[in-house]
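Notes to accompany the following structure.
The values are calculated or read from the model by the stated rules, or taken from the named source; none is laboratory data. The shown structure was predicted, so the numbers you read here are calculated from the model rather than taken from an experiment. We place every Cβ from the backbone using ideal geometry, glycine too, and count neighbours over all the protein chains shown.
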Amino acid sequence: MFAVALTGQDPLRCIHCHKINLHHDRVEIWSRDSESSSSGLHVDTEHGDITIDRSMLRNPSPRRGGILIEFSCENCRGSTELAIYQHKGCTYLELRPVPAYKFADG
């Protein structure tokens with residue numbers, strides 16, 4: 001996990017090369033039917049396409065809704081995602097590598 005500094009208007013940095021120039025490519029949003037529910041709504045958008053389903057896989061929150069914003073680095077081509085989620089009444093921001101299994105499909 002990489003700490004996300006929220007001071008002024010500092011840009012996010014790539015967790016691989018620590019440079020700026022990240023481009024957001026994909027956004028996923030989860031909204032559970034109720035707290036701790038195993039079902040809910042999942043919206044996935046990338047490059048103008050949108051998919052809506054009921055999958056809670058990859059939701060960064062084990063009990064509530066969550067958001068993932070995927071970035072690609074202009075400098076090193078590394079992939080990073082920003083996770084926004086709640087746990088025990090707190091909201092967390094986590095900048096982390098995109099899981100390797102996401103690249104298995106090509």
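Of all residues in the range 90-106 being modelled with pLDDT of 85 or more and either over 15 Å from ARG13 (Cβ atoms) or of a type in the set (A, V, I, L, M, F, W, C) (or both), which is surrounded by the most Cβ atoms within 10 Å (Cβ to Cβ)?
Initially, the range 90-106 is screened for residues modelled with pLDDT of 85 or more, giving 90-98.
Remaining after also requiring either over 15 Å from ARG13 (Cβ atoms) or of a type in the set (A, V, I, L, M, F, W, C) (or both): 90-93, 95, 98.
On the way: CYS90: 7, THR91: 10, TYR92: 14, LEU93: 14, LEU95: 20, VAL98: 17.
Ranking the candidates gives LEU95 first.
Since LEU57 meets every condition but one in (1) more than 16 Å from the chain's Cα centre (by Cα); (2) farther than 14 Å from ILE15 by Cα; (3) hydrophobic (A, V, I, L, M, F, W, C), which condition does it not meet?
Just one mismatch for LEU57, condition (1).
Within the range 48-89, track down each residue that is surrounded by 18 or more Cβ atoms within 10 Å (Cβ to Cβ), farther than 24 Å from CYS17 by Cβ and either in contact with a Gly (Cβ under 9 Å, 6 or more places away or on another chain) or among the small types (Gly, Ala, Ser) (or both).
Listed by number, the residues that qualify are MET56, ASN59, SER61, GLY65, GLY66, TYR85.
Restricting the first residue to the range 12-23 and requiring it to be under 12 Å from PRO97 (Cα atoms), which pairs with a second residue that is among the acidic types (Asp, Glu) and in a strand (DSSP E or B) meet a Cβ separation below 8 Å and a spacing of at least six or different chains?
Every condition considered, no pair remains.
Would you pick out the residues in the range 9-37 that are more than 19 Å from SER79 (Cα to Cα) and under 16 Å from the mean Cα position of the chain (by Cα)?
To start, the set of residues in the range 9-37 that are more than 19 Å from SER79 (Cα to Cα) comprises 9-10, 30-37.
Of everything in the range 9-37, those that are more than 19 Å from SER79 (Cα to Cα) and under 16 Å from the mean Cα position of the chain (by Cα) turn out to be TRP30, SER31.
Could you name every one of the strands (runs of 3 or more DSSP E) located completely within the range 1-58 that has at least 1 residues being among the basic types (Lys, Arg) and modelled with pLDDT under 95? Lay out the reasoning, then the answer.
On the way: elements: 22-32, 40-46, 49-53.
Counting at least 1 such residues, we get 22-32.
Here's a check for you: in the range 60-81, which residue that is outside any strand (DSSP E or B) and either in contact (Cβ under 8 Å) with a residue 60 or more places away in the chain or within 12 Å of LEU95 (Cα to Cα) (or both) is nearest to the chain's Cα centre (by Cα)?
Restricting attention to the range 60-81, the residues satisfying the condition of being outside any strand (DSSP E or B) are 60-65, 74-78.
With either in contact (Cβ under 8 Å) with a residue 60 or more places away in the chain or within 12 Å of LEU95 (Cα to Cα) (or both) added as a condition, the list becomes 60, 75-76, 78.
Details: PRO60: 8, ASN75: 20, CYS76: 19, GLY78: 14 Å.
Among residues in the range 60-81 that are outside any strand (DSSP E or B) and either in contact (Cβ under 8 Å) with a residue 60 or more places away in the chain or within 12 Å of LEU95 (Cα to Cα) (or both), the one nearest to the chain's Cα centre (by Cα) is PRO60.
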